[in-house]
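K.L.:
Next up is a structure, given as C-alpha cells.
Just so it is clear, none of the values below were taken in a lab; they were calculated from the coordinates. Note that the structure is a prediction, hence the values are computed from the model and not measured. Glycine gets a Cβ as well: all are built from the backbone with ideal geometry, and neighbour counts include every protein chain shown.
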C-alpha cells in the first residue's frame with residue numbers, strides 16, 4: 001500500500017512573503033506512517049548508488065539527510081548558513097530572486113573521491129542545491145545523487161541541476 005504523502009504536507013499561503021505558497025513538512029514529520037514512508041522512498045532512490053556520505057542542507061535537509069546516513073551506515077555532513085560552523089570552512093555564494101546568499105561546509109568534511117548524496121527537503125529554483133553541489137565538488141567529492149521530498153516543478157530548479165541525478169517524491173506544478 002502506497003501512502004499519498006502530499007496529503008501530509010501543509011500548504012501555507014503568503015509565507016514567508018505575499019505570493020508564496022509555503023510547503024510545510026512538519027505535518028509529515030509528526031505522522032509516523034508518513035515519516036517512515038518518506039524515508040523508505042528516499043532510501044529506495046539510492047539502491048543502485050555507492051555512497052560514502054550524505055550531505056544535508058540547513059535546516060530541513062538535516063532531518064532526512066541524517067536518517068538516510070544512518071540507514072546507509074555512512075557519515076552525515078551539514079551544509080550551513082554563514083557563522084554556524086566552528087572549524088575551517090569553504091563557502092559558496094549564490095543568487096536569490098532578491099539578492100545573494102551564502103552557505104558553508106567544513107573543509108575536512110568531504111575527502112577526495114567521496115561519493116555524496118546531497119539532500120534537502122524542497123527543490124524550488126535550485127540555487128541552494130547548485131551551490132551545495134559546487135561546495136562538495138570544491139572539496140573533491142562527487143555528487144552522485146540529489147534528493148528532495150518536494151519539487152516545485154514550475155520554478156524549473158531541476159534545470160540548474162541538470163548535470164546530476166535528481167530525485168523527488170512529491171511534485172507541485174503550480175503555487176496552488
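K.L.:
So how far apart, in nm, are the two label points at residue 10 and residue 93 if each is 7 Å from Cα heading toward Cβ?
P.N.:
3.7
K.L.:
Taking just the C-alpha trace of the range 10-115, give me its Rg and Dmax in Å.
P.N.:
Rg and Dmax of the range 10-115, Cα atoms, are 16.1, 43 Å.
K.L.:
Across every pair of different alpha-carbon atoms, what Kirkwood hydrodynamic radius in Å does the range 48-172 reach?
P.N.:
Hydrodynamic radius (Kirkwood, Cα pairs) of the range 48-172 is 14.3 Å.
K.L.:
Springs between alpha-carbon pairs under 10 angstrom, Gaussian network model over the chain: which of 84, 53, 107 fluctuates most?
P.N.:
Among 84, 53, 107, the largest GNM mean-square fluctuation belongs to 84.
K.L.:
On a C-alpha basis, how far is the centre of the range 104-141 from the centre of the range 2-34 in Å? Whole number, if you could?
P.N.:
If you average the Cα positions of each part, the centres end up 25 Å apart.
K.L.:
Still on this structure, please answer the following. Per residue of the chain, what 222 nm ellipticity follows from adding -39500 (n - 2.57) for every DSSP H run with n ≥ 4, rounded to the nearest 500?
P.N.:
-7000 deg cm²/dmol
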